[in-house]
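Take a look at the structure below.
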Amino acid sequence: MPAALKIDLITLFPGMVSGFLAESMIGRGIERGILDIKVHNLRDWTNDKHHITDDRPFGGGAGMLLKPEPLFEAIEYLHTPECSVIFLTPDGEPLNRSFSRQLAAKKRHLILISGHYEGIDQRVRDNLVDYEVSIGDYVLTNGTLAAAVLIDSVCRHVPEVLGEEKSLTQDSFADNLLSFPQYTRPAEYRGMCVPEVLLSGHHEEIEQWRKERSLEKTRIRRPDLLNKKEPQS
Ligand code: SAM
């Protein structure tokens with residue numbers, strides 16, 4: 001049976017994600033054939049003896065830029081009729097739960113491009129990229145870790161990747177709320193007690209308590225979420 005989601009990551013640093021892809025739920029998803037994730041070295045699509053992937057930007061300025069030819073060739077080689085191409089970049093649209101969920105629900109194949117140096121030639125962005133995504137308002141040295149973040153946030157929405165699917169609905173950002181506080185055994189540790197209501201067995205009261213704590217935390221830390229029109233269920 002084909003994997004539920006196929007992802008091809010193009011990067012200059014495949015080693016940066018090998019551990020990540022072998023571990024935990026993403027690793028198990030790959031092992032069980034639910035996810036098909038391959039990491040490709042951009043240098044494999046160079047034609048010169050030194051495998052050069054970068055050059056100086058026209059117009060001058062600091063740093064180097066990834067050249068268009070290896071990226072065009074890599075993307076054209078990996079392209080399938082159903083694929084979407086995503087470039088990880090700090091000037092892209094901010095990544096959020098809703099976008100990750102949509103990708104998991106609607107896409108069968110993603111090609112992710114990790115930039116390096118000052119980024120990539122604009123012609124790749126203009127002609128081959130469907131989405132430009134940022135993982136936050138800061139700048140990383142290259143896009144490989146950003147791609148890993150996107151892979152993780154999308155794949156946990158692919159059915160059967162998480163052991164406990166219900167946890168998706170309790171996560172922060174579901175219903176535009178932050179998560180409520182959680183406790184496990186022992187009920188008392190070093191004089192610190194778990195709130196009584198959680199030990200009561202009253203499901204409705206527990207739900208109510210959790211909702212109130214979520215609202216309280218969201219109001220303090222992320223009031224912007226409460227004004228969102230679209231619920232991120
Ligand atoms: N000159 C670029 C700019 O100011 O927008 C930054 C280039 S950054 C040093 C090198 C590469 O790291 C980018 O092309 C991108 O692939 C990746 N990267 C850095 N920060 C990122 C972020 N916040 N989100 C996604 N990708 C990022």
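The values are calculated or read from the model by the stated rules, or taken from the named source; none is laboratory data. Computed from a prediction, not measured in an experiment: that's the story for all the values here. Neighbour counts are summed over all protein chains in view; Cβ atoms, including those assigned to glycine, are modelled from backbone coordinates with ideal geometry. What goes into the accessible areas is simple: the full protein's heavy atoms, side chains included, and nothing from ligands, DNA or RNA. Shrake-Rupley method; radii C 1.70, N 1.55, O 1.52, S 1.80 Å.
For region 1-94, state which trypsin sites (Lys or Arg not before Pro) are in a DSSP loop and have at most 12 other beta carbons lying within 10 Å of their beta carbon. Don't skip to the answer; put the middle values down first.
On the way: sites: LYS6, ARG28, ARG32, LYS38, ARG43, LYS49; in loops: ARG32, LYS49.
Sparse-neighbourhood loop trypsin sites (Lys or Arg not before Pro): ARG32, LYS49.
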* **Cα shape, region 172-226, gyration tensor, a/c 1.5 rule** => prolate
* Share of carbon and sulfur in the accessible heavy-atom surface of region 91-233 [1.4 Å probe, %] -> 49 percent
* To do: Can you check what the net charge comes to around HIS79, using other residues whose Cβ is under 15 Å from the Cβ of HIS79 (Lys, Arg +1; Asp, Glu -1)?
  => -1
* Asked: Hey, what's the Cα Rg ratio for the chain versus the globular rule of thumb, 2.2 N^0.38 Å?
  -> 1.23
* Rounded accessible area of HIS51 (nearest 10 Å², 1.4 Å probe) -> 80 Å²
* the chain: angle of helix 68-78 to the longest principal axis, Cα-based, in degrees nearest 10 -> 60 degrees
* **Accessible area in square angstrom per residue, the chain, 1.4 angstrom probe** => 61 Å²
* Measure nothing but the geometry: give the 0 to 90° angle between the long axis through the Cα atoms of 144-155 and the longest principal axis through the Cα atoms of the chain, rounded to 10°. => 50 degrees
* Tell me, which longest segment in the chain has none of the GluC sites (Glu not before Pro) that fall in DSSP loops with at most 16 further Cβ atoms within 10 Å? -> 166-233
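Remind me, relative contact order of the chain in percent, using alpha carbon pairs under 8 angstrom and six or more residues apart?
Working: 357 pairs, mean separation 47.5, N = 233.
That works out to 20 percent.
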* With a point put 7 Å past each Cα toward its Cβ, work out how far GLU23 is from GLU207 in nm, to one decimal. => 3.7 nm
* To do: May I ask you to list the lysines whose Cα is less than 22 Å away from that of LYS211, ignoring any residue fewer than eight positions away on the same chain?
  => LYS166, LYS228, LYS229
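Kindly provide the helix-only [θ] at 222 nm of the chain, computed as the sum of -39,500 (n - 2.57) over DSSP H runs of four or more divided by all residues, to the nearest 500 deg cm²/dmol?
Numbers: 10 runs with 87 residues, N = 233.
Helices in the chain give a 222 nm mean residue ellipticity of -10500 deg cm²/dmol.
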* Specify the angular offset, from 0 to 90 degrees and rounded to the nearest 10, of the alpha carbon long axis of helix 203-221 from the longest principal axis of the alpha carbons in the chain. => 50 degrees
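What is the sum of charges, Lys and Arg at +1 and Asp and Glu at -1, for the other residues whose Cβ falls under 15 Å from the Cβ of ALA148?
Working: positive: LYS38, ARG156; negative: ASP8, GLU23, ASP152.
Net charge around ALA148: -1.
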* Under a Cβ-Cβ cut-off of 14 Å, what is the net charge of the residues other than GLN208 that fall near it, where Lys and Arg count +1 and Asp and Glu count -1? -> -3
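Longest exposed-loop-site-free stretch of the chain, with chymotrypsin sites (Phe, Trp or Tyr not before Pro), DSSP loop and at most 15 other Cβ within 10 Å? Could the numbers behind the result be given before it?
Numbers: sites that count: PHE58, TYR138, TYR183.
Between exposed loop sites, the widest span is 59-137.
Which value, in debye to the nearest 20, describes the size of the charge dipole of the chain about its Cα centre when Lys and Arg Cβ atoms bear +1, Asp and Glu Cβ atoms bear -1, and nothing else is charged? Could the numbers behind the result be given before it?
On the way: 28 positive and 35 negative charges, 85 e Å.
In total the dipole reaches around 400 debye.
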* Treating cross-link reach as a plain straight distance, find the lysines whose alpha-carbon is under 21 Å from the alpha-carbon of LYS67, omitting any fewer than eight places away in the same chain. => LYS49
